[in-house]
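Shown next, in structure tokens, is the structure this report addresses.
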Amino acid sequence: MSVVTTEPNAVPAGEEPPDTGERHRLSAVTGLAALSLDAMASVAYGPEAIVLVLAAAGAHGLGFTMPVTLAIAALLAVLVASYRQVIAAFPDGGGSYAVAKTHLGARTSLVAAASLVLDYVLNVAVAVTAGVAALTSAFPTLYDDRLWLCLAVLALVTGVNLRGIVESARAFIVPTVVFVGSIFVLIAVGLFRSGPVSTVTAAGHASVLADNATAVGALLLLKAFASGCAALTGVEAIANAVPSFRVPRAKRAQRAEVALGAVLGAMLIGLSVLIGRFHLQPVQGVTVLAQLADASLGHNWAFYVIQFATMILLALSANTSFGGLPVLLKLLARDNYAPHVFALKADRQVHRHGVLALALVSAALLVFSGGDTNTLVPLFAIGVFVGFTIAQVGMVRHWRLERGPGWHGKALLNGFGALLTGVATVVVTVEKFTAGAWLVVIALPLLVAAFETVQRAYGRIGEQLGRGRIPEAPHRERSLVIVPVSSLSRLTSEALTAASSLGDEVRAVTVCYPDPEDRAALHALERSWAAWDPGVPLIRLTCERRSLGRPIAAYVREVAAAEPGTRVTVLIPETEPERLWQRLLQNQRGAVVAHAVRRETDAVICRLRFRLL
């Protein structure tokens, strides 16, 4: 006797392995492309935010660009190390929400979730408007159409994400590589450029450098640090979307997180070095990155490549939100804080409802702002800093509870990070409060209240359904099936056949009106019914007003009152045409009847679809 053994997951020769969905998930490289665009694109405005603040102290203030950048890079390293641990400890994703839920309580976790939701939505709006702003700067004739351009870019990104996160990652790999490669070429050429380098100031543009200002106070440095921290937005996106990676998910996500930190940190420090080397001064109408490209590469084709790549990446950096927010909404739905529809996943491993909800809210923001970046920027980055701080505090508690090897150092690192991000949160909120940040301050508690309202609603539903309790044993009841009909057809025959299979008794009902024409049609139906003789009685329901659903609902109520203990089912036959557009030709009688019966009775509603081929 021979014994044949097979591996549990072995696939017979000639057969394709079952689709487990892994091919629709991210590798470390595609994950970096799909979830890091926000962070990568931030080098276009992060260094500029530092320079603009320090310019208030004149040329002396600009000398602190490198120390402030190094402080931000150090915070970046802390955040990357922290989120790397978050990925390992919470492989189901959720980032700061998952950390807070486990270690800081439900209310704090909802604050973290609300801050992430706001950040993701604002990131989409800011990214799209910034990308379109770069386009309209190159082609001023398009400026009046910027809102439509924003909506078109949003539709493009949404469409790509609806095809699956892997497809979106593949589509964005090339722009990401071109942008990152261009920035590193800019840095390398600028660092090794020989000969004297003059101060770069765009002709025809006024300098914003303050005159005769030499004092650099701690508050100014703190404001520069807080403004420059805008370059850290998007660092948390990978930790929020760990389930989107292929197995081993945590290790792939960790590698992507470390790669993101290394690339982003190198670009920030490299650009800061060039700012000091070229003695750059901020000028109106010209970005710092554009000045650096002009100084390093000259005003040639390479300069335009960097500008075009920056424009594309800024517009597409909205993809980070499309990768992270649907996963967060799935976790909130799992915990009953968001509608359960957000937990549904399409066959391409995409949370379609989350993608569409993000697109709709972002479109509303774009319409509200008129496609203007400056209207949205004051609202940006506050939410992500709140999430950073909560995640760091939660990880301190995580290490204290776990008490593994070296936990003191890890807790100290996260505690220091929480202090830095907490200070940055307060400074950014205070600084931008009157410019629109007050909206975020109001929106955060409103979102938390909305989450709790949804959770209470699900709690009441669960209580009424008796979830968690053993229900009574099922028992058989007499069943009566009522079938609304208006004419004799194959659909009527199919409906009565299905009804006879479902119930102990079947009754057909038809609604008649006092009009002579309607009475003639009724008499014709009754004669045809008698000739057909299906073994099912046809009951006439008279209605003085031309109503279809109410007479049927009233009859159902009468039956329920006259025959207690009888399970009443209303079976509504409907046709389903082959073509989608042909469904617009239907009279929707079934929907009208179903709505009236559902609203006015407790009967079971069964809608029989008869497909037309």
Practice task
Just need a number here: residues in segment 548-571 that are among the hydrophobic types (A, V, I, L, M, F, W, C), at pLDDT 90 or above and in contact with a helix residue (DSSP H, G or I) (Cβ under 7 Å, 6 or more places away or on another chain).
Solution key: 6
Practice task
Test Arg476 against the stated conditions and say whether it is over 30 Å from Ala113 (Cβ atoms) and at pLDDT below 90.
Solution key: yes
Fill in the blank from the handout: Pairing a residue in segment 110-125 that is farther than 15 Å from Gly354 by Cα with any residue that is crowded, with 24+ Cβ neighbours inside 10 Å and of a type in the set (D, E, K, R), where Cβ atoms lie under 6 Å and the two sit 6 or more apart in sequence or on different chains, gives Asn123/Asp38
Exercise for the section: Name the one entry in Ser244, Ser207, Ser198 that is at pLDDT below 80 and within 22 Å of Val99 (Cα to Cα). Expected result: Ser244
Exercise for the section: Check segment 356-364 and report whether any residue there is part of a helix (DSSP H, G or I), modelled with pLDDT under 85 and under 20 Å from the mean Cα position of the chain (by Cα). Expected result: no
Exercise for the section: Run Val126 past the list (1) aliphatic (A, V, I, L, M); (2) surrounded by 20 or more Cβ atoms within 10 Å (Cβ to Cβ); (3) modelled with pLDDT of 85 or more and report the number of the one that doesn't hold. Expected result: (3)
Handout entry: Cross-chain or 6+ apart pairs with Cβ under 7 Å, segment 528-553 first and assigned by TED's automatic domain parsing to the domain that holds Val568, then exposed (fewer than 15 other Cβ atoms within 10 Å of the Cβ) and of a type in the set (A, V, I, L, M)
Key = none
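Within segment 575-585, how many residues are free of Cβ contacts under 8 Å to residues at least 40 places away in the same chain and part of a strand (DSSP E or B)?
Of the residues in segment 575-585, the ones free of Cβ contacts under 8 Å to residues at least 40 places away in the same chain are 576-585.
Going one step further and asking which of them are part of a strand (DSSP E or B), we end up with 576.
Residues in segment 575-585 being free of Cβ contacts under 8 Å to residues at least 40 places away in the same chain and part of a strand (DSSP E or B): 1 in total.
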Practice task
Please specify each residue of segment 54-99 satisfying the condition of being small (Gly, Ala, Ser), closer than 19 Å to Val242 by Cα and either crowded, with 21+ Cβ neighbours inside 10 Å or touching a strand residue (DSSP E or B) at 6+ places or on another chain (Cβ under 6 Å) (or both).
Solution key: Ser82, Gly93, Gly94, Gly95, Ser96, Ala98
Practice task
For segment 386-394, indicate whether the set of residues that are part of a helix (DSSP H, G or I), at pLDDT 85 or above, outside the structural domain of Pro339 (by TED's automatic domain parsing) and of a type in the set (Ser, Thr, Tyr) is non-empty.
Solution key: yes
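Is segment 332-341 home to any residue that is within 15 Å of the chain's Cα centre (by Cα), under 26 Å from Ala34 (Cα atoms), modelled with pLDDT under 80 and part of a helix (DSSP H, G or I)?
no
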Practice task
Need at least 1 residues that are within 23 Å of Arg589 (Cα to Cα) per element, so show me which helices (runs of 4 or more DSSP H) inside segment 430-540 make the cut, counting only ones lying wholly within it.
Solution key: 490-502, 516-532
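Just the residues that are of a type outside the set (A, V, I, L, M) and without any contact (Cβ under 8 Å) to a residue 24 or more places away in the chain, please, taken from segment 501-527.
In the first step, residues of segment 501-527 are kept if they are of a type outside the set (A, V, I, L, M); the result is 501, 503-505, 507, 510, 512-519, 523, 526-527.
Within segment 501-527, Ser501, Asp515, Pro516, Glu517, Asp518, Arg519, His523, Glu526, Arg527 qualify.
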Completion exercise
Screening Val78, Val43, Val68 for residues that are modelled with pLDDT of 80 or more, β-branched (Val, Ile, Thr), touching a Phe, Trp or Tyr at 6+ places or on another chain (Cβ under 6 Å) and closer than 16 Å to Gly265 by Cβ leaves only Val68
Exercise for the section: Being outside any strand (DSSP E or B), in the same structural domain as Leu502 (by TED's automatic domain parsing) and either closer than 15 Å to Glu505 by Cα or not hydrophobic (A, V, I, L, M, F, W, C) (or both) narrows it down to one of Arg567, Arg607, Arg599, so name that one. Expected result: Arg599
Problem - Test: residue in segment 550-558 that is part of a helix (DSSP H, G or I), surrounded by 19 or more Cβ atoms within 10 Å (Cβ to Cβ) and not hydrophobic (A, V, I, L, M, F, W, C) - result: yes
Exercise for the section: Among what's in segment 101-123 and is of a type in the set (A, V, I, L, M, F, W, C) and surrounded by fewer than 21 Cβ atoms within 10 Å (Cβ to Cβ), pick the residue that is farthest from the chain's Cα centre (by Cα). Expected result: Leu104
Exercise for the section: Return yes when Gln254 is modelled with pLDDT under 80 and not small (Gly, Ala, Ser) and no when it is not. Expected result: no
Practice task
Would you check if there is a residue in segment 507-529 being under 50 Å from the mean Cα position of the chain (by Cα), farther than 18 Å from Ser487 by Cβ and of a type outside the set (D, E, K, R)?
Solution key: no
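The values are calculated or read from the model by the stated rules, or taken from the named source; none is laboratory data. Keep in mind that this is a model prediction, so the values were computed, not measured. Note that each Cβ is placed from the backbone with ideal geometry, even for glycine, and that neighbours are counted across all protein chains shown.
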